[in-house]
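The values are calculated or read from the model by the stated rules, or taken from the named source; none is laboratory data. Keep in mind that what you see is a predicted model, and the values were worked out from it rather than measured. Cβ atoms come from the backbone with ideal geometry, glycine included; neighbour counts cover every protein chain shown.
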Amino acid sequence: MGRTLKSILALCLVAACSGGSAPEPTTLSPKLSAKDAKQVFGNLDAPSRQKSEPIGSYAKGCLAGGAQLPETGPTWQAMRLSRNRNWGYPETISFIKDLSAKAARQPGWDGLYIGDISQPRGGPMLTGHASHQIGLDIDIWMLPPKDLALSSKERENISSISMRKNAGAFVNGSWTKQHHEILKAAASDPRVARIFVFPGAKVQMCKDEKGDRAWLRKVRPWWGHHYHFHVRLNCPKGAKDCVNQAPPPAGDGCENAQRWVDDILNPPPPDPNKPAPKPKRPMTLADLPSQCASVATAN
């Protein structure tokens, strides 16, 4: 068990950390400002009793009034329950339920296995993702569920399956029409901003899609994302402190995805003049929107 809410509250300088209210900007002491945001948010095991609101950007923010995806539903199961990352904005939970019901209509799929969404109060995670901080990102396993009665232990030990071949340049034999249709259903939802998947999958979908191609614009190639695909929702209407990612470029994005594949198959030579990346310092509470201190310290 991580640091309790009571001990976090002891760090708060403002008395107005009451439940049910919208998060307000908070003035931090130097000591609290320097706190490692991963340690603060990664050790909070329950949501704040505040109005539900995503605050900040996908990779620098927090989640007030988070909603929990039930561990098991008629067409989904939340995986890796020990991580306590099955929390999101309420509309995120609704989206998962809707998409999983559509997935369950695909041959061979009983629904969806859901990976990480966010922590109870969002924010940076102790391990893993740079994003998933405001309750609007969802990892969905590529593994077709055939059992929605897995125990907690089974959910810790079962693994998804990789869809890639040749380092992600192509899909392998596990890729199916059903994967295409489920990603298409997700990308066609107006709540979705974009979907990240490995380059070979995007190129394959570009080849296979014979109908309306508008939804392909939202599907973007990104490293990894061959055991799962990553759905990112738009900031909800009225969430004034939520920062949307810039929209994807115009067009279906298929030429761009093919360039990714070409670079995998024929990697460009390294640039000797390119400086080595500098190690990133830990993100502190002061780096997050000021409302996140209220989220961290609320009841």
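Of note:
- Entry remark, the stretch 63-104: residues being of a type in the set (D, E, K, R), surrounded by fewer than 23 Cβ atoms within 10 Å (Cβ to Cβ) and farther than 15 Å from Asp189 by Cβ number 3 in total.
- Filtered by the rule that a residue be over 22 Å from the mean Cα position of the chain (by Cα), over 19 Å from Trp223 (Cβ atoms) and surrounded by 10 or more Cβ atoms within 10 Å (Cβ to Cβ), the stretch 256-289 gives a lone residue, Ala286.
- Flag for Lys207 being in a loop (DSSP other than H, G, I, E, B), surrounded by fewer than 17 Cβ atoms within 10 Å (Cβ to Cβ) and of a type in the set (Lys, Arg): no
- Tabulated pairs, the stretch 195-209, first under 23 Å from Ala246 (Cβ atoms) and of a type in the set (S, T, N, Q), second modelled with pLDDT of 95 or more and surrounded by fewer than 24 Cβ atoms within 10 Å (Cβ to Cβ), C-beta under 6 angstrom, 6+ apart or interchain: none
- Subset of the stretch 137-166 (residues that are surrounded by fewer than 17 Cβ atoms within 10 Å (Cβ to Cβ) and either charged (D, E, K, R) or within 14 Å of Val203 (Cα to Cα) (or both)): Lys146, Asp147, Lys153, Glu154, Glu156, Lys165, Asn166
- Strands (runs of 3 or more DSSP E) completely within the stretch 69-185 that count 3 or more residues being free of Cβ contacts under 8 Å to residues at least 40 places away in the same chain and under 18 Å from Trp222 (Cβ atoms): none
- Flag if Gln106 is at pLDDT 95 or above, within 19 Å of His230 (Cβ to Cβ) and among the polar types (S, T, N, Q): no
- Residue match in the stretch 217-227 (condition: closer than 29 Å to Lys165 by Cα, among the aromatic types (Phe, Trp, Tyr) and surrounded by 19 or more Cβ atoms within 10 Å (Cβ to Cβ)): no
- For the stretch 48-62, the set of residues classified as part of a loop (DSSP other than H, G, I, E, B), surrounded by fewer than 23 Cβ atoms within 10 Å (Cβ to Cβ) and of a type outside the set (Ser, Thr, Tyr) consists of Arg49, Lys51, Ala59, listed by residue number.
- Filter pass, Trp223 being in a loop (DSSP other than H, G, I, E, B), over 30 Å from Ser21 (Cα atoms), in contact (Cβ under 8 Å) with a residue 40 or more places away in the chain and among the aromatic types (Phe, Trp, Tyr): yes
- Looking only at the stretch 106-128, and only at residues there that are crowded, with 21+ Cβ neighbours inside 10 Å and among the hydrophobic types (A, V, I, L, M, F, W, C), the one that is nearest to the chain's Cα centre (by Cα): Ile117
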